Amino acid sequence: MSRILFLVPRMNIGGAETYVYTVAKELQSKGEYEVFVASAGGGLADELEKIGVKTFFVPVRFSRRFGSWIAVSMLKKIIKEYNIDVVHANSGDAGCIAAELKKAIDIPIVYTAHGVFGNIEREYVIDTLDRIICVSNFVKERALQQNFTESKLITRYCCIDTNRFTPDSSLRTELRKMYNIDKDTLVLATVSRIKNLEHKGHGALLEVFKKYAFNKNWKLIVVGKGNGLIQFKYKIKQAGLEDKIICLGHRNDVEKVLNIADVYVSPTQFETFGLAIAEGMAMEMPAVAYEIGGTSEVVNDGVSGFLVKYKDVQDLYEKINCLDTDRELLKQMSRQARMWVEDNFTIDKMVGELEEIYSDVLSK
């Protein structure tokens with residue numbers, strides 16, 4: 001039985017965190033692995049503990065200010081005590097610590113790059129690790145441009161739990177009644193942290209409703225919280241859109257809430273893959289997203305949704321309006337969105353690929 005230790009800064013809701021949670025849970029369930037997770041804790045770590053995944057507190061981001069020696073010392077102790085076979089690091093901070101760990105102890109270390117390498121002087125040490133998994137070809141190409149070792153780079157897409165993210169027509173009816181939404185209303189949905197109004201496109205969606213869709217029978221469901229939420233709510237009130245834009249804050253039942261919606265929207269300024277987009281598509285929603293970063297690898301343009309000219313709010317509106325005015329197209333794309341996810345982003349596919357990578361690094 002192989003013992004895998006995942007390293008990630010925290011275990012709250014987010015792309016890297018959801019990836020670790022999903023993979024750790026699946027590997028543990030196979031019975032062929034003993035899985036451990038080291039992080040600064042969070043709700044997803046608590047959920048993993050409930051199913052028998054042992055978690056450890058390791059202050060990953062603490063090392064950025066005070067040095068990596070504390071985290072490395074803690075990890076060395078865990079590896080020795082639990083006979084860890086492979087370390088799988090996620091995010092830049094975890095990757096830098098893993099590189100220091102690699103100097104101190106001879107153990108295979110795999111790293112998943114959920115984003116592009118933004119601080120090359122600091123993060124280039126990640127190139128010393130055994131394998132670098134890129135969540136999209138976009139990430140891989142950027143890494144090659146920054147002179148990372150090509151033989152270590154491999155593209156493997158993130159996965160969606162299609163058992164969890166699956167549409168429920170009865171729940172849809174119940175939720176629409178709860179929020180007083182009739183069957184003909186086109187409901188858009190977006191899920192992300194609200195860092196500010198620009199980062200994930202909340203400002204662009206607000207502009208769509210103010211400039212083009214004020215009198216449309218549309219609503220927008222916004223899931224997520226962050227420093228920009230107060231400003232976003234203020235702007236909604238200022239524009240008189242309280243009945244159009246519904247902010248639900250942080251939710252642990254995102255897959256349930258998404259049953260309300262018809263279209264997933266993501267006018268984000270930057271996206272290396274687009275896990276939330278794929279989750280929306282799994283819920284039988286076509287995606288309408290800015291063509292930026294790795295979104296073209298998630299959305300099959302014209303089939304499972306539409307790619308939009310970057311920062312073109314009018315084009316964003318027109319693509320959404322196309323789905324509103326042609327409900328047959330909306331139904332067709334909804335089915336295609338689910339099929340696209342099932343063909344490309346399943347748990348079985350991703351976990352099988354990871355098992356091959358673990359086996360490869362262990363054999364060397």
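Looking only at the stretch 207-234, residues that are part of a helix (DSSP H, G or I) and over 26 Å from ASN12 (Cβ atoms) come to 5 in all.
Only one of the listed residues (VAL303, VAL341) is outside any strand (DSSP E or B), under 24 Å from the mean Cα position of the chain (by Cα), of a type in the set (Val, Ile, Thr) and closer than 30 Å to LEU27 by Cα. That residue is VAL341. I'm checking my understanding of the structure. Among residues of the stretch 186-221 that are in contact with a Ser or Thr (Cβ under 9 Å, 6 or more places away or on another chain) and among the polar types (S, T, N, Q), which one is surrounded by the fewest Cβ atoms within 10 Å (Cβ to Cβ)? Checked the stretch 186-221; the qualifying residue surrounded by the fewest Cβ atoms within 10 Å (Cβ to Cβ) is ASN217.
Results for (1) at pLDDT below 95; (2) farther than 30 Å from ASN119 by Cα; (3) not assigned by TED's automatic domain parsing to the domain that holds ILE107, shown as yes or no for each residue.
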position: GLY31; (1), (2), (3): yes, yes, no
position: VAL37; (1), (2), (3): no, no, no
position: GLY42; (1), (2), (3): yes, no, no
position: GLY52; (1), (2), (3): yes, yes, no
position: VAL60; (1), (2), (3): yes, no, no
position: SER63; (1), (2), (3): yes, no, no
position: GLY67; (1), (2), (3): yes, no, no
position: MET74; (1), (2), (3): no, no, no
position: ASN83; (1), (2), (3): no, yes, no
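The strands (runs of 3 or more DSSP E) falling completely within the stretch 129-203 that include 2 or more residues that are over 26 Å from ASP106 (Cα atoms) map to 186-191.
If you go through the stretch 121-137 and pick out every residue that is surrounded by 17 or more Cβ atoms within 10 Å (Cβ to Cβ) and within 20 Å of LYS349 (Cα to Cα), you end up with 6.
Between VAL60, VAL87, the distinction of being outside any helix (DSSP H, G or I), surrounded by 14 or more Cβ atoms within 10 Å (Cβ to Cβ) and in contact with a Ser or Thr (Cβ under 7 Å, 6 or more places away or on another chain) belongs to VAL60 only. For GLY118, the conditions (1) surrounded by fewer than 19 Cβ atoms within 10 Å (Cβ to Cβ); (2) among the small types (Gly, Ala, Ser); (3) assigned to a helix (DSSP H, G or I) are fulfilled apart from (3).
Which one of these does TYR82 not meet: (1) surrounded by 19 or more Cβ atoms within 10 Å (Cβ to Cβ); (2) touching a Phe, Trp or Tyr at 6+ places or on another chain (Cβ under 8 Å); (3) farther than 25 Å from GLU121 by Cα? In the conditions (1) surrounded by 19 or more Cβ atoms within 10 Å (Cβ to Cβ); (2) touching a Phe, Trp or Tyr at 6+ places or on another chain (Cβ under 8 Å); (3) farther than 25 Å from GLU121 by Cα, TYR82 misses (1) alone. Of all residues in the stretch 322-333 being in a helix (DSSP H, G or I) and free of Cβ contacts under 8 Å to residues at least 12 places away in the same chain, which is surrounded by the fewest Cβ atoms within 10 Å (Cβ to Cβ)? Applying the filter and picking the extreme gives GLU328. Only residues that are small (Gly, Ala, Ser) and touching a strand residue (DSSP E or B) at 6+ places or on another chain (Cβ under 8 Å) were counted in the stretch 100-114, giving 1. Taking the stretch 250-277, which residues are assigned to a helix (DSSP H, G or I) and among the aliphatic types (A, V, I, L, M)? Result: VAL254, VAL257, LEU258, ILE260, LEU275, ALA276, ILE277. Residue count for the stretch 149-185 under the criterion of being at pLDDT below 95, closer than 30 Å to GLU356 by Cβ and surrounded by fewer than 16 Cβ atoms within 10 Å (Cβ to Cβ): the result is 2.
The values are calculated or read from the model by the stated rules, or taken from the named source; none is laboratory data. Predicted model, so just to flag it, every value in this text is computed and none were measured. Positions of Cβ are generated from backbone atoms using ideal geometry, with glycine treated the same way; all protein chains shown enter the neighbour counts.
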